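Each reported figure results from applying straightforward, stated rules to the coordinates on display, with no laboratory input. For clarity, every value in this text was computed on a predicted model and none was experimentally measured. All Cβ positions, glycine included, derive from the backbone under ideal geometry; neighbour counts span all protein chains shown.
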Amino acid sequence: MTTKTSLLMVLTAIGAITMVPFSAYASASPDIPDPNQEFTLTGAGATFPFPLIDLWRVQYNDAFDNVNLNYQSIGSGGGIKQHIEKTVNFAASDKPMSEAERELAPGTLHIPESIGGVVIVYNLPEVPNKGLNLTSDAVAGIYLGEITRWNDPAIASENPGLDLPDKEIVTAHRSDGSGTTFIFTDYLTEVSPTWDEKIGKGKSVPWPMGLAAAGNEGVAAIVKSTEYSIGYVELAYAFQTGMAFASVQNGDNSAFVEPTLETISAASSGVADTLPSAEESWVGVSLVNAPGPDSYPIASFTYLLLYDDLKSVTDNKEQAKAAIHLIYWMITDGQEFSSSLLYVPLADSVIELGKQGLAKITYDGEQIWNYESDASMDLEIPKWIRDNAKWWSEGLITDQDYINGLQYLIQKGILKV
Amino acid sequence: MDEKIGVQSRQRINSDQIFKMGATIAGAFVLVMIVLMIFQLVSESYPIWEEEGLAFVIGTDWNAVEGRESFGALPYILGTLTTAALAMAIGVPLSIGIAMFVSDAPPKIGAPLGFLVELLAAVPSVIYGLWGLYVFREYFIDYVEEPLHLAFGDSIWLFSGNPFGLDIFTASVVLAIMIIPTVSSVAREVMRAVPQQQKEAAYMLGATKWEMFKLAIFPYSKTGLIGASILGLGRAVGETMAVTMLIGSATGANAIPYSLFDPSQTISGIIASEFPEASLAGLHLPALIGTGLILLAIAMCINIVAHLLVTRMLKVKEGAINN
């Protein structure tokens, strides 16, 4: 008898869950910008996502022509500076804010908006196309100056089909501080204890050797014009210029992975479970050597930075609402434009993280967007439970079997008792 | 009549006063700018002087990695001075030669040539940089650096480095081209200012063209020519874009040039390269601003030395005339 009563309670609970997915004010997307007002939103920072943000600016303006975005691609450092000085609505950075920077800008949220991959390009007359395989040890060895010739066993043993010459390797790197260098040195630090000890990671590092040039185009120019050279550039830049690029050993050391939008995207799903929430520190976050056999190992998120209370950086609440809607649009609808510009779209789990971050934003302490996660609506009751209920009511299965099914629902968090 | 004069003089007084005010403001403006600049540079670079002290000027480490920060500007000071000196060594004789030709050639040839040389000054430095990187460098490696390296690489240390075309030699040659218009146009004006009688007197004594330059023009225009060179040096020391693209942008101890074919880095180059991404927290930004302060000090020293040189020569000349 008692069992029957509690079962009834559970059934009522199922009804309650399916019937009330929304609380009174919650909604799945933020309010659109007030159509009766004109808004100008300002952002500043990283140059890497600039083409994408610029396309977003145009596309968003098509949809909401009363909102204009003014994004200055002055570099991540400059963006963080303006963010700290509160002169822009949001900033963009290729590198998470350091602890010291977070102290200068308390209440900063990190919202990943795209993913960048770094590709190792080379100029080998003997290997005119892509396809050179490089282990992580080989990449680190080359940039440390320990592997100096192309026919070194560390390279040759992984490329049995290629005719590697007995020529000196010329390395090229960025002379300007850059997020690309940060991603690349983050990778080298991860895979090589020697690199970690001697050099470390950063936007500008004390390179032990090699030629330097400014910008992706500068590094590409050196590699293109110098035979037997090797360098690193952004994925999009390597693809657009048609340079030969290497497949790099994955984090599991199980295969060589060619850099593509898919393999870099795989890297981001590989770490999705370990990401912090938007208001926490992202210092340690890295897509480098992400788990998974298809994960390309040299990649990183690029972030939008904004304050958890927008009063200090916006004119009024309506502008703050417009800012939130714009960012929301960027990480949801805007993602479909990423691949056309060779940017890697975000995985759903990362988008969800961004949405939860945006929901935390307030204006003068007042919440702007009461977000009800889609996730709770995904928690459907499996079909076999429904069948179980039918069979139980028809007396085809035992009480115990039915209770087992309900316990499964409780375990999965679909039912709460 | 008297009244009219009075009005005129009053008007003159008014315009004099306006002129005085205008000139004072203009003069004060320069001074205020310099003082503000120094103040800003000192205050923003203060943390690095506090941390490194004199080691910042004589140190050779340059590490911006968080937690391992260590900064010394010596390699960039050396890089700046070396490229500027090399550029002067190549550019100044060439410029004076151009000035000699233009000032003494028939106007039909001299005028258009002078115009063309001045046109070089209108080319933006990024164009020089791109041209140097994509065009000049390739030829320079093949026809200058490689042959020099093959011929003298083993015997003369100057040519010992491996020639890649991104080094102080390439940067200095392009820099030399960039200072030519400044130096040669000022030198030409200085030479033109030499009284015609001087030149004719030299010719009357039976001087050849070269002897005329040696006897009549150079002694007369010496200070002016030094002034012209100093203007060129000013440009060479501060030039950023083209040099940054061509010098190879080494950092730290790697940036100390041992041979002509070694990459290096200049002060303005390191600022241009690293400033946009320098972190606000930490010492990187103060270090870069500190190098700016050093550059300002170098520029001031150059100007003071030039000033002393010119005034000393003037004295010598006055003495000669008085005797």
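Net charge dipole, the stretch B:1-155: roughly 1040 debye, given to the nearest 20, about the Cα centre with Cβ charges of +1 for Lys and Arg and -1 for Asp and Glu.
Counting Cα-Cα pairs of chain A in 10 Å increments starting at 0 gives whole-percent bin shares of 4, 20, 25, 19, 15, 10, 5, 1, 0. Translational diffusion coefficient of the stretch A:49-186 (Stokes-Einstein, Kirkwood radius from Cα pairs, 4 °C, 1.567 mPa s): 70 µm²/s. Cβ crowding within 10 Å, taken as a proxy for footprinting-reagent exposure, orders A:325, B:307, B:149, A:83 from fewest neighbours to most as B:307, B:149, A:325, A:83.
Centre-to-centre separation between the Cα atoms of the stretch A:129-184 and those of the stretch A:31-93: 38 Å. Dipole of the stretch A:117-274 computed with +1 at Lys/Arg Cβ and -1 at Asp/Glu Cβ about the Cα centre; of A:129, A:175, A:155, farthest Cα towards the positive end is A:175.
Pull out a ≥ b ≥ c, the square roots of the eigenvalues of the alpha-carbon gyration tensor of the stretch A:264-379, then state rounded if a/c is under 1.5, prolate if not and a/b is larger than b/c, and oblate in the remaining case.
Judged from the Cα gyration tensor, the stretch A:264-379 comes out prolate (a/c at least 1.5, a/b above b/c).
Model label points for residue B:30 and residue A:217, set 7 angstrom from Cα along the Cα-to-Cβ axis, are 3.8 nm apart. Each of A:282, A:369, A:391, B:62 was scored by other Cβ atoms within 10 Å of its Cβ. Arranged with the fewest first, they read A:391, A:369, A:282, B:62. Across chain A, C-alpha contacts under 8 Å between residues 6 or more apart give a mean separation that, scaled by the residue count, equals a relative contact order of 22 percent.
The stretch B:33-78 and the stretch A:305-379 have their alpha-carbon centroids 41 Å apart. Altogether, the Stokes-Einstein calculation at 10 °C and 1.306 mPa s, with the Kirkwood radius of the stretch B:197-278 over Cα pairs as Rh, returns a diffusion coefficient of 98 µm²/s. Here the Kirkwood formula, the inverse mean of 1/r across different C-alpha pairs, assigns the stretch B:37-86 a hydrodynamic radius of 12.0 Å. Relative to the compact-globule estimate of 2.2 N^0.38 Å, the Cα radius of gyration of the protein assembly as shown comes out at 1.26. Taking each DSSP H run with n ≥ 4 as -39500 (n - 2.57) and averaging over every residue of chain B yields -24000 deg cm²/dmol at 222 nm. The C-alpha radius of gyration of the stretch B:73-279, expressed as a fraction of 2.2 N^0.38 Å, stands at 1.16. Once backbone amide H atoms are built at 1.01 Å from N, residue A:109 has A:306, A:307, A:308 as its partners under 5 Å, excluding neighbours fewer than 5 places away on the same chain. Here A:144, B:31, B:175 are placed in order of increasing Cβ neighbour count within 10 Å, fewest first, which gives B:31, A:144, B:175. Can you tally the lysine pairs in chain B where the Cα-Cα distance is under 17 Å and the two residues are eight or more apart, or on different chains? Qualifying lysine pairs in chain B: 7. What does the C-alpha gyration tensor say about the overall shape of the stretch B:55-130? Classify as rounded when a/c is under 1.5, otherwise prolate if a/b is larger than b/c, or oblate. Prolate, since a/c reaches 1.5 and a/b exceeds b/c. Within chain A, antiparallel bridges make up roughly 60 percent of the DSSP beta bridges whose residues both belong there. Each of A:117, A:269, A:208 was placed along the dipole of chain A (beta-carbon charges, centred on the mean Cα), and the one lying farthest toward the positive end is A:269. Membrane-span-like helices in chain B, defined purely by DSSP H runs whose alpha carbon atoms cover 20 Å or more axially and whose average Kyte-Doolittle hydropathy reaches -1.0, are B:2-52, B:74-104, B:107-121, B:168-192, B:218-238, B:284-322. Less than 5 angstrom separates the built amide H of residue A:40 from those of A:68, all sequence-distant by 5 or more or on a different chain. Quote the FRET efficiency, to the nearest 0.05, computed for residue A:198 versus residue B:109 with a Förster distance R0 of 45 Å and r equal to the Cβ-Cβ distance. Working from the Cβ atoms, E equals 0.15.
Calculate the dipole size of chain A relative to its Cα centre from +1 charges on Lys and Arg beta carbons and -1 charges on Asp and Glu beta carbons; express the result in debye to the nearest 20.
The dipole magnitude comes to about 320 debye.
Residue pairs exceeding 24 angstrom between C-alpha atoms, taken from A:95/A:130; A:203/A:311; A:95/A:355: A:95/A:130; A:203/A:311. In plain terms, the bigger the Kirkwood radius, the slower the diffusion; for the stretch A:186-265, with that radius from Cα pairs, at 37 °C and 0.692 mPa s, Stokes-Einstein puts D at 228 µm²/s. The C-alpha radius of gyration of the stretch A:117-274, expressed as a fraction of 2.2 N^0.38 Å, stands at 0.97. Computed about the Cα centre, the dipole magnitude for the stretch B:73-279 is approximately 900 debye when only Lys and Arg (+1) and Asp and Glu (-1) carry charge, each at its Cβ.
When the protein assembly as shown is described by a simple charge dipole with +1 on each Lys and Arg Cβ and -1 on each Asp and Glu Cβ, the residue from B:134, B:258, B:186 located farthest towards its positive end is B:186. The Cα trace of the stretch B:217-323 gives Rg and Dmax of 19.0, 65 Å, the first to one decimal, the second as a whole number. Between the stretch B:240-274 and the stretch B:87-152, the alpha-carbon centres lie 21 Å apart. The GNM of chain B, with springs linking C-alpha atoms under 10 angstrom apart, assigns the highest mean-square fluctuation among B:34, B:77, B:247 to B:34.
Taking beta carbons within 10 Å but only from partner chains, what does the mean come to for residues A:99-107?
Mean shielding count: 2.
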